[in-house]
Amino acid sequence: MTQDELKTLVGQAALNYVTPGTIVGVGTGSTVNKFIDALGTMKDQIQGAVSSSVASTERLQALGIPVFPAEEVEWLDVYIDGADEIDGHGYMIKGGGAALTREKIVAAQSRRFVCIVDASKRVEALGAFPLPVEIIPMAAGRIMRQFEEMGGQASVRLKDGVPLVTDNGQHILDVHGLRITDPLAFENLVNQWPGVVTVGVFAHQKAHVCLLGTEQGVETLLY
């Protein structure tokens, strides 16, 4: 199967974790787009969704699925999102699509995180995928130097030759060369650096379930 077919497979499988009558937390990215399309087939069975990005909100609304502001919803039964990497403990790197801050917010108000990925995203240790970090622009130089002291190489993510601006009006650093063996400690450390909005390590908001798309079908991993 192609990677796109694997994404479709796990996107459809995630419907099994949607409880009728609830509001669903919905992430961002190409794999989540497959889930959103599948969710459209049961839109009359749910109240609606809380979305982690403008792009996902637009896709949900185009299918006729109501989208609620996160601040108006007390909690969510489930949050369904992809990942750039996921390890054997359910810890993830996220933010390749630049929506990591809103993704972490929605994940934090959800009782269960279901991660949907193809098998290429499973790793032994996080860090081969460049770590996204959303930052306040004036802190960029200093934060880049702090990552250099850890052995990483950080650069500002560009779009059309200029710094990409997130849905929150901030910039993204992508950090290469890290091997994150203690994701919880790493997330705690970087979160304390002034100017960091969100680090793309999801350890405190780790996955509870991973639906892994493989050539043999969907493998369910529990953490």
### Query
How do the strands (runs of 3 or more DSSP E) wholly within region 6-106 filter down when requiring 2 or more residues that are out of contact with any Leu (no Cβ under 7 Å at 6 or more places or on another chain): which remain?
79-81
### Message
Would you confirm, using the coordinates I've provided, whether VAL218 is β-branched (Val, Ile, Thr), open to solvent by 20 Å² or more (accessible area, probe 1.4 Å) and touching a helix residue (DSSP H, G or I) at 6+ places or on another chain (Cβ under 9 Å)?
### Response
yes
#### Entry: Among the candidates ASP77, ASP118, residue that is charged (D, E, K, R) and in contact (Cβ under 8 Å) with a residue 60 or more places away in the chain
ASP118
### Query
If you check every pair at least six apart or on different chains, which have Cβ atoms under 8 Å apart with a residue in region 171-182 that is assigned to a strand (DSSP E or B) and open to solvent by 80 Å² or more (accessible area, probe 1.4 Å) first and a residue that is modelled with pLDDT under 95 and of a type in the set (D, E, K, R) second?
none
### Message
Name the single residue that is nearest to MET1 (Cα to Cα) among those in region 107-142 being open to solvent by 10 Å² or more (accessible area, probe 1.4 Å) and assigned to a strand (DSSP E or B).
### Response
ARG122
#### Entry: Answer from GLU103, GLU149, GLU134 - the residue that is among the charged types (D, E, K, R) and farther than 30 Å from HIS208 by Cα
GLU149
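Just to verify a result, which residue in region 151-170, among those that are of a type in the set (S, T, N, Q) and under 17 Å from VAL54 (Cβ atoms), is surrounded by the fewest Cβ atoms within 10 Å (Cβ to Cβ)?
ASN168
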### Number of the exception - GLU148 against (1) more than 15 Å from GLY95 (Cβ to Cβ); (2) open to solvent by less than 70 Å² (accessible area, probe 1.4 Å); (3) not hydroxyl-bearing (Ser, Thr, Tyr)
(2)
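Yes/no matrix, rows are residues, columns are (1) farther than 18 Å from GLY141 by Cα; (2) in contact with a Phe, Trp or Tyr (Cβ under 7 Å, 6 or more places away or on another chain); (3) surrounded by 15 or more Cβ atoms within 10 Å (Cβ to Cβ); (4) of a type outside the set (D, E, K, R):
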site	(1), (2), (3), (4)
ALA185	yes, no, no, yes
GLY195	no, no, yes, yes
ALA203	yes, yes, yes, yes
LEU211	yes, no, yes, yes
LEU222	yes, no, no, yes
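The values are calculated or read from the model by the stated rules, or taken from the named source; none is laboratory data. This is a predicted model, so every value here is computed, not measured. Cβ atoms come from the backbone with ideal geometry, glycine included; neighbour counts cover every protein chain shown. Remember, those area values only see protein heavy atoms, side chains included, never the ligands or the DNA or RNA. Shrake-Rupley method; radii C 1.70, N 1.55, O 1.52, S 1.80 Å.
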